[in-house]
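Let me begin by presenting the structure, written as C-alpha coordinates, before commenting on it.
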Amino acid sequence: MNIIVLVKQVPDTQNITGDAMTPEGTVNRAALPAIFNPDDLFALEAALQIKDALNSTRTGERGFLNSGRMACPPTNAATEENAPEGANPRTTVTVITMGPPSAAAVLKECLYRGADFTALVSDRGFAGADTLATSYALKCAIQKTGAYDLVLCGRQAIDGDTAQVGPQTAEKLGVNQITCVSRIETLDATKKEITAIRSVEGGWEKVKAPLPILVTFTAEGETPRPASAIKTMTYKRAVPGDGPMALWDIPAINADPLQCGLAGSPTKVKHINSVVLTAADIRYIDPGEAGVTELIHDLIADHTFG
Ligand code: FAD
(Lines give C-alpha, C1' and ligand atoms only; values in the text may rest on other atoms or scores of the structure.)
Protein backbone atom coordinates (compact mmCIF):
# COMPACT_ATOMS: atom_id res chain seq x y z
CA MET A 1 0.00 0.00 0.00
CA ASN A 2 1.33 3.47 -0.93
CA ILE A 3 0.50 6.17 1.57
CA ILE A 4 1.11 9.86 0.82
CA VAL A 5 1.20 12.43 3.64
CA LEU A 6 0.99 16.19 3.04
CA VAL A 7 2.72 18.33 5.67
CA LYS A 8 3.33 22.05 5.98
CA GLN A 9 5.97 24.12 7.74
CA VAL A 10 4.19 27.06 9.36
CA PRO A 11 5.14 30.16 11.35
CA ASP A 12 4.38 29.59 15.01
CA THR A 13 1.32 31.85 15.01
CA GLN A 14 0.45 30.72 18.51
CA ASN A 15 3.47 32.59 19.86
CA ILE A 16 2.99 35.87 18.06
CA THR A 17 5.56 38.60 18.86
CA GLY A 18 5.33 42.35 18.07
CA ASP A 19 6.99 42.19 14.64
CA ALA A 20 4.99 39.25 13.28
CA MET A 21 3.74 41.34 10.35
CA THR A 22 5.81 43.17 7.75
CA PRO A 23 4.85 46.80 6.96
CA GLU A 24 3.39 45.37 3.66
CA GLY A 25 0.95 43.33 5.74
CA THR A 26 2.40 39.88 5.07
CA VAL A 27 3.50 37.31 7.65
CA ASN A 28 7.07 38.13 8.74
CA ARG A 29 8.21 34.47 8.56
CA ALA A 30 11.74 35.45 9.62
CA ALA A 31 10.43 36.80 12.96
CA LEU A 32 8.38 33.73 13.83
CA PRO A 33 9.93 30.36 14.53
CA ALA A 34 8.96 27.82 11.86
CA ILE A 35 7.24 24.73 13.21
CA PHE A 36 5.64 21.48 12.00
CA ASN A 37 1.91 22.18 11.48
CA PRO A 38 0.31 20.45 14.50
CA ASP A 39 -2.55 18.63 12.70
CA ASP A 40 -0.06 17.21 10.16
CA LEU A 41 1.86 15.36 12.87
CA PHE A 42 -1.33 13.37 13.56
CA ALA A 43 -1.74 12.60 9.85
CA LEU A 44 1.87 11.36 9.77
CA GLU A 45 1.34 9.25 12.89
CA ALA A 46 -1.75 7.62 11.37
CA ALA A 47 0.26 6.78 8.23
CA LEU A 48 3.12 5.28 10.25
CA GLN A 49 0.71 3.18 12.35
CA ILE A 50 -0.89 1.78 9.19
CA LYS A 51 2.56 0.98 7.81
CA ASP A 52 3.61 -0.73 11.07
CA ALA A 53 0.42 -2.81 11.12
CA LEU A 54 0.41 -3.81 7.44
CA ASN A 55 4.12 -4.59 7.43
CA SER A 56 3.93 -6.50 10.69
CA THR A 57 5.15 -10.03 10.21
CA ARG A 58 2.83 -11.79 12.67
CA THR A 59 1.13 -14.38 10.42
CA GLY A 60 -2.56 -14.05 9.73
CA GLU A 61 -3.01 -10.82 11.63
CA ARG A 62 -2.12 -8.34 9.00
CA GLY A 63 -4.42 -5.51 9.19
CA PHE A 64 -4.77 -2.23 10.96
CA LEU A 65 -4.66 -2.37 14.71
CA ASN A 66 -6.21 0.54 16.44
CA SER A 67 -7.15 0.62 20.12
CA GLY A 68 -7.71 -3.11 20.12
CA ARG A 69 -7.90 -5.81 17.51
CA MET A 70 -8.78 -4.92 14.00
CA ALA A 71 -12.46 -5.45 13.07
CA CYS A 72 -11.85 -7.64 10.03
CA PRO A 73 -8.28 -8.88 9.49
CA PRO A 74 -7.87 -9.64 5.78
CA THR A 75 -7.14 -13.35 5.32
CA ASN A 76 -4.95 -13.07 2.27
CA ALA A 77 -3.05 -9.88 3.00
CA ALA A 78 -0.39 -9.06 0.47
CA THR A 79 2.65 -11.27 0.97
CA GLU A 80 5.83 -11.84 -1.02
CA GLU A 81 4.20 -15.00 -2.40
CA ASN A 82 0.85 -13.65 -3.60
CA ALA A 83 1.93 -10.15 -4.63
CA PRO A 84 1.32 -9.48 -8.37
CA GLU A 85 4.48 -9.41 -10.51
CA GLY A 86 6.64 -6.37 -9.62
CA ALA A 87 4.16 -5.02 -7.05
CA ASN A 88 5.70 -3.93 -3.74
CA PRO A 89 3.64 -5.73 -1.08
CA ARG A 90 5.24 -3.61 1.61
CA THR A 91 3.47 -0.48 2.73
CA THR A 92 5.45 2.73 2.27
CA VAL A 93 4.96 6.30 3.53
CA THR A 94 5.89 9.20 1.21
CA VAL A 95 5.73 12.75 2.60
CA ILE A 96 5.30 15.83 0.39
CA THR A 97 5.61 19.50 1.30
CA MET A 98 5.39 22.59 -0.90
CA GLY A 99 7.49 25.41 0.48
CA PRO A 100 10.75 27.36 0.52
CA PRO A 101 14.09 25.47 0.95
CA SER A 102 13.79 25.88 4.76
CA ALA A 103 10.75 23.56 4.65
CA ALA A 104 13.19 20.65 4.26
CA ALA A 105 13.35 20.73 8.07
CA VAL A 106 9.84 19.24 8.41
CA LEU A 107 10.74 16.49 5.92
CA LYS A 108 13.73 15.53 8.06
CA GLU A 109 11.40 15.31 11.04
CA CYS A 110 9.27 12.87 9.02
CA LEU A 111 12.31 10.71 8.16
CA TYR A 112 13.33 10.69 11.84
CA ARG A 113 9.87 9.30 12.68
CA GLY A 114 9.77 6.59 10.03
CA ALA A 115 8.78 8.02 6.64
CA ASP A 116 10.36 6.11 3.72
CA PHE A 117 10.61 8.87 1.14
CA THR A 118 10.09 12.63 1.12
CA ALA A 119 9.77 15.33 -1.54
CA LEU A 120 10.28 19.09 -1.24
CA VAL A 121 8.18 20.81 -3.90
CA SER A 122 9.93 24.15 -4.21
CA ASP A 123 10.16 26.77 -6.95
CA ARG A 124 9.98 30.59 -6.99
CA GLY A 125 6.92 30.08 -9.20
CA PHE A 126 4.98 28.72 -6.19
CA ALA A 127 5.33 31.95 -4.18
CA GLY A 128 2.11 33.68 -3.14
CA ALA A 129 0.00 30.59 -3.81
CA ASP A 130 -3.51 30.61 -2.44
CA THR A 131 -5.23 27.34 -1.57
CA LEU A 132 -6.32 26.69 -5.17
CA ALA A 133 -2.77 27.01 -6.50
CA THR A 134 -1.36 25.09 -3.53
CA SER A 135 -3.76 22.16 -4.05
CA TYR A 136 -2.98 22.14 -7.79
CA ALA A 137 0.76 21.85 -7.14
CA LEU A 138 0.20 19.14 -4.52
CA LYS A 139 -2.03 17.20 -6.92
CA CYS A 140 0.74 17.26 -9.55
CA ALA A 141 3.34 16.14 -6.98
CA ILE A 142 1.11 13.27 -5.73
CA GLN A 143 0.56 12.07 -9.32
CA LYS A 144 4.33 12.13 -9.87
CA THR A 145 4.74 9.52 -7.10
CA GLY A 146 2.68 7.02 -9.13
CA ALA A 147 -0.09 4.80 -7.77
CA TYR A 148 -1.34 5.62 -4.27
CA ASP A 149 -4.02 4.22 -1.97
CA LEU A 150 -4.24 6.86 0.76
CA VAL A 151 -3.50 10.60 0.95
CA LEU A 152 -3.42 11.85 4.55
CA CYS A 153 -3.13 15.49 5.59
CA GLY A 154 -4.00 17.85 8.45
CA ARG A 155 -7.46 19.38 8.71
CA GLN A 156 -5.99 22.88 9.01
CA ALA A 157 -2.76 24.85 8.87
CA ILE A 158 -2.33 27.32 11.74
CA ASP A 159 -1.25 30.21 9.45
CA GLY A 160 -3.79 30.31 6.55
CA ASP A 161 -6.32 28.45 8.74
CA THR A 162 -8.59 27.82 5.72
CA ALA A 163 -8.88 23.99 5.92
CA GLN A 164 -9.35 24.17 2.15
CA VAL A 165 -6.21 22.45 0.79
CA GLY A 166 -7.19 18.88 1.74
CA PRO A 167 -10.68 18.90 0.13
CA GLN A 168 -9.39 20.85 -2.90
CA THR A 169 -6.56 18.37 -3.47
CA ALA A 170 -9.05 15.47 -3.28
CA GLU A 171 -11.24 17.18 -5.88
CA LYS A 172 -8.30 17.75 -8.20
CA LEU A 173 -7.20 14.10 -7.80
CA GLY A 174 -10.79 12.98 -8.41
CA VAL A 175 -10.84 10.84 -5.23
CA ASN A 176 -13.23 10.57 -2.26
CA GLN A 177 -12.48 12.45 0.91
CA ILE A 178 -13.21 12.11 4.62
CA THR A 179 -12.48 15.26 6.64
CA CYS A 180 -11.99 16.02 10.34
CA VAL A 181 -11.00 12.43 11.16
CA SER A 182 -9.85 11.69 14.72
CA ARG A 183 -8.95 8.05 14.03
CA ILE A 184 -9.03 5.28 11.45
CA GLU A 185 -10.99 2.35 12.86
CA THR A 186 -10.33 -0.28 10.23
CA LEU A 187 -8.40 -0.48 7.01
CA ASP A 188 -8.81 -3.55 4.83
CA ALA A 189 -5.79 -3.65 2.54
CA THR A 190 -7.37 -6.48 0.53
CA LYS A 191 -10.90 -5.16 0.09
CA LYS A 192 -9.40 -1.64 -0.36
CA GLU A 193 -11.82 -0.22 2.20
CA ILE A 194 -11.48 2.18 5.12
CA THR A 195 -13.63 3.00 8.16
CA ALA A 196 -12.90 6.26 9.94
CA ILE A 197 -14.26 8.21 12.91
CA ARG A 198 -15.03 11.88 12.16
CA SER A 199 -15.41 14.57 14.77
CA VAL A 200 -18.66 16.44 14.14
CA GLU A 201 -20.44 19.06 16.17
CA GLY A 202 -21.78 17.44 19.34
CA GLY A 203 -20.42 14.00 18.60
CA TRP A 204 -18.76 11.72 16.07
CA GLU A 205 -19.61 9.95 12.87
CA LYS A 206 -18.37 6.60 11.48
CA VAL A 207 -17.71 6.68 7.73
CA LYS A 208 -16.87 3.72 5.46
CA ALA A 209 -15.42 4.33 1.99
CA PRO A 210 -13.43 2.68 -0.82
CA LEU A 211 -9.78 3.49 -1.58
CA PRO A 212 -8.11 5.52 -2.95
CA ILE A 213 -9.14 8.31 -0.63
CA LEU A 214 -7.91 11.56 0.94
CA VAL A 215 -8.35 11.92 4.71
CA THR A 216 -7.84 15.09 6.78
CA PHE A 217 -6.91 14.67 10.47
CA THR A 218 -7.65 16.68 13.57
CA ALA A 219 -5.20 16.78 16.47
CA GLU A 220 -7.31 14.29 18.46
CA GLY A 221 -5.77 10.99 17.28
CA GLU A 222 -2.99 8.77 18.54
CA THR A 223 -0.14 10.74 20.13
CA PRO A 224 2.53 11.31 17.48
CA ARG A 225 5.64 9.22 18.13
CA PRO A 226 8.91 10.97 18.90
CA ALA A 227 11.84 10.97 16.52
CA SER A 228 13.93 7.78 16.65
CA ALA A 229 17.56 8.31 17.68
CA ILE A 230 18.83 5.84 15.07
CA LYS A 231 16.83 7.44 12.27
CA THR A 232 17.92 10.89 13.38
CA MET A 233 21.56 9.84 13.11
CA THR A 234 20.83 8.26 9.71
CA TYR A 235 19.05 11.21 8.15
CA LYS A 236 20.37 14.31 9.92
CA ARG A 237 22.53 15.17 6.91
CA ALA A 238 19.76 14.58 4.36
CA VAL A 239 19.49 17.44 1.86
CA PRO A 240 16.88 18.20 -0.82
CA GLY A 241 17.72 16.48 -4.09
CA ASP A 242 19.58 13.61 -2.45
CA GLY A 243 18.50 10.08 -1.46
CA PRO A 244 15.30 10.00 0.65
CA MET A 245 14.59 13.70 0.02
CA ALA A 246 13.71 14.62 -3.54
CA LEU A 247 13.61 18.21 -4.78
CA TRP A 248 10.88 18.91 -7.34
CA ASP A 249 10.34 22.20 -9.16
CA ILE A 250 7.47 23.13 -11.51
CA PRO A 251 8.80 21.20 -14.56
CA ALA A 252 9.63 18.15 -12.41
CA ILE A 253 5.96 17.74 -11.41
CA ASN A 254 4.68 18.54 -14.92
CA ALA A 255 2.77 21.53 -13.59
CA ASP A 256 1.42 24.43 -15.62
CA PRO A 257 3.22 27.55 -14.29
CA LEU A 258 0.04 29.60 -14.92
CA GLN A 259 -1.81 27.50 -12.34
CA CYS A 260 0.94 27.88 -9.73
CA GLY A 261 1.82 30.59 -7.21
CA LEU A 262 0.46 34.11 -7.57
CA ALA A 263 -0.35 33.47 -11.28
CA GLY A 264 -2.69 30.64 -10.35
CA SER A 265 -4.25 32.31 -7.31
CA PRO A 266 -7.61 34.06 -7.65
CA THR A 267 -7.33 34.92 -3.92
CA LYS A 268 -4.77 37.56 -3.09
CA VAL A 269 -4.01 38.04 0.59
CA LYS A 270 -4.13 41.84 0.59
CA HIS A 271 -3.33 42.60 4.19
CA ILE A 272 -3.11 40.68 7.42
CA ASN A 273 -3.71 42.24 10.81
CA SER A 274 -2.64 40.60 14.02
CA VAL A 275 -5.66 40.90 16.26
CA VAL A 276 -4.44 41.73 19.79
CA LEU A 277 -7.41 42.19 22.16
CA THR A 278 -7.02 44.88 24.86
CA ALA A 279 -9.08 45.18 28.03
CA ALA A 280 -11.11 47.93 26.31
CA ASP A 281 -12.18 45.44 23.68
CA ILE A 282 -13.74 43.10 26.25
CA ARG A 283 -17.35 43.69 27.25
CA TYR A 284 -19.23 41.59 29.78
CA ILE A 285 -22.73 40.66 28.66
CA ASP A 286 -25.52 39.91 31.12
CA PRO A 287 -26.36 36.26 30.27
CA GLY A 288 -30.08 37.00 30.64
CA GLU A 289 -32.55 37.48 27.74
CA ALA A 290 -32.09 41.26 27.83
CA GLY A 291 -28.31 41.04 27.64
CA VAL A 292 -28.31 38.54 24.76
CA THR A 293 -30.93 40.57 22.86
CA GLU A 294 -28.84 43.72 23.26
CA LEU A 295 -25.75 41.81 22.03
CA ILE A 296 -27.57 40.56 18.91
CA HIS A 297 -28.75 44.10 18.12
CA ASP A 298 -25.16 45.36 18.40
CA LEU A 299 -23.82 42.56 16.18
CA ILE A 300 -26.45 43.38 13.55
CA ALA A 301 -25.67 47.09 13.88
CA ASP A 302 -21.94 46.56 13.22
CA HIS A 303 -22.69 44.07 10.37
CA THR A 304 -21.18 41.10 12.13
CA PHE A 305 -24.59 39.46 11.63
CA GLY A 306 -26.69 39.93 8.51
P1 FAD B 1 -5.07 24.53 5.02
O2 FAD B 1 -6.06 24.37 3.94
O3 FAD B 1 -5.60 24.95 6.36
O4 FAD B 1 -4.17 23.20 5.17
C5 FAD B 1 -4.79 21.96 5.37
C6 FAD B 1 -3.75 20.88 5.20
O7 FAD B 1 -3.28 20.85 3.84
C8 FAD B 1 -2.49 21.09 6.05
O9 FAD B 1 -2.75 20.64 7.36
C10 FAD B 1 -1.47 20.25 5.29
O11 FAD B 1 -1.63 18.90 5.60
C12 FAD B 1 -1.89 20.50 3.82
N13 FAD B 1 -1.13 21.63 3.26
C14 FAD B 1 -1.44 22.96 3.24
N15 FAD B 1 -0.45 23.69 2.65
C16 FAD B 1 0.50 22.78 2.30
C17 FAD B 1 1.78 22.88 1.67
N18 FAD B 1 2.26 24.06 1.27
N19 FAD B 1 2.49 21.74 1.48
C20 FAD B 1 2.01 20.52 1.86
N21 FAD B 1 0.80 20.35 2.47
C22 FAD B 1 0.07 21.47 2.68
N23 FAD B 1 -5.50 31.40 0.67
C24 FAD B 1 -6.76 31.33 0.16
O25 FAD B 1 -6.95 30.69 -0.88
N26 FAD B 1 -7.81 31.91 0.77
C27 FAD B 1 -7.68 32.59 1.92
O28 FAD B 1 -8.67 33.11 2.45
C29 FAD B 1 -6.38 32.70 2.50
N30 FAD B 1 -6.20 33.38 3.67
C31 FAD B 1 -4.96 33.43 4.21
C32 FAD B 1 -4.80 34.10 5.43
C33 FAD B 1 -3.55 34.14 6.02
C34 FAD B 1 -3.40 34.83 7.35
C35 FAD B 1 -2.44 33.55 5.38
C36 FAD B 1 -1.09 33.57 6.02
C37 FAD B 1 -2.59 32.89 4.18
C38 FAD B 1 -3.86 32.82 3.58
N39 FAD B 1 -4.07 32.17 2.37
C40 FAD B 1 -5.32 32.09 1.83
C41 FAD B 1 -2.97 31.52 1.66
C42 FAD B 1 -2.90 30.07 2.16
O43 FAD B 1 -2.41 30.09 3.44
C44 FAD B 1 -1.94 29.30 1.32
O45 FAD B 1 -2.52 29.04 0.11
C46 FAD B 1 -1.51 27.97 1.93
O47 FAD B 1 -0.52 27.38 1.16
C48 FAD B 1 -2.58 26.93 2.10
O49 FAD B 1 -3.67 27.30 2.83
P50 FAD B 1 -3.82 27.08 4.41
O51 FAD B 1 -2.59 27.57 5.07
O52 FAD B 1 -5.10 27.66 4.80
O53 FAD B 1 -3.86 25.49 4.56
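Tabulated data for the structure shown
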item	result
Per residue convex hull volume, Cα atoms of the range 81-239, in Å³	145 Å³
Descending semi-axes in Å of the range 192-286, equivalent ellipsoid built from Cα gyration tensor	35, 28, 23
Options THR223, THR304, GLY288, ranked by Cα towards positive dipole end of the range 221-306, top entry (Cβ charges)	THR223
Per residue Cα convex hull volume in Å³ - calculated over the range 230-306	279 Å³
Within-13-Å neighbourhood charge of ILE178 [Cβ basis; K, R +1; D, E -1]	+2
Contour excess over end-to-end distance, with Cα ends at ASP298 and ALA280 and 0.36 nm allotted per residue	4.8 nm
Protection-proxy order for peptides 249-256, 289-296, each taking the mean of Cβ atoms within 10 Å per residue, highest first	249-256, 289-296
Gain upon complete extension [ILE230, ALA263; 0.36 nm per residue less C-alpha separation]	7.6 nm
Total formal charge among the other residues, if their Cβ is under 11 angstrom from that of GLU220, Lys/Arg +1 and Asp/Glu -1	+1
Difference of contour (0.36 nm per residue) and Cα-Cα distance, ARG124 to HIS271	50.8 nm
Sequence-distant residues sharing a close amide H with ILE35 (under 5 Å, placed H)	VAL10, ASP12
Anchor LYS51: lysines whose Cα lies under 19 Å away (excluding residues fewer than 8 positions away in-chain)	LYS108, LYS191, LYS192, LYS231
Accessible surface of the range 120-217, 1.4 Å probe, proportion on carbon and sulfur as whole %	47 percent
Solvent-accessible surface (1.4 angstrom probe) belonging to LEU299, in square angstrom, nearest 10	40 Å²
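The values are calculated or read from the model by the stated rules, or taken from the named source; none is laboratory data. Computed from a predicted model, the values in this text were never measured in an experiment. Positions of Cβ are generated from backbone atoms using ideal geometry, with glycine treated the same way; all protein chains shown enter the neighbour counts. SASA here: full protein model, heavy atoms, side chains in, ligands and nucleic acids out. Shrake-Rupley method; radii C 1.70, N 1.55, O 1.52, S 1.80 Å.
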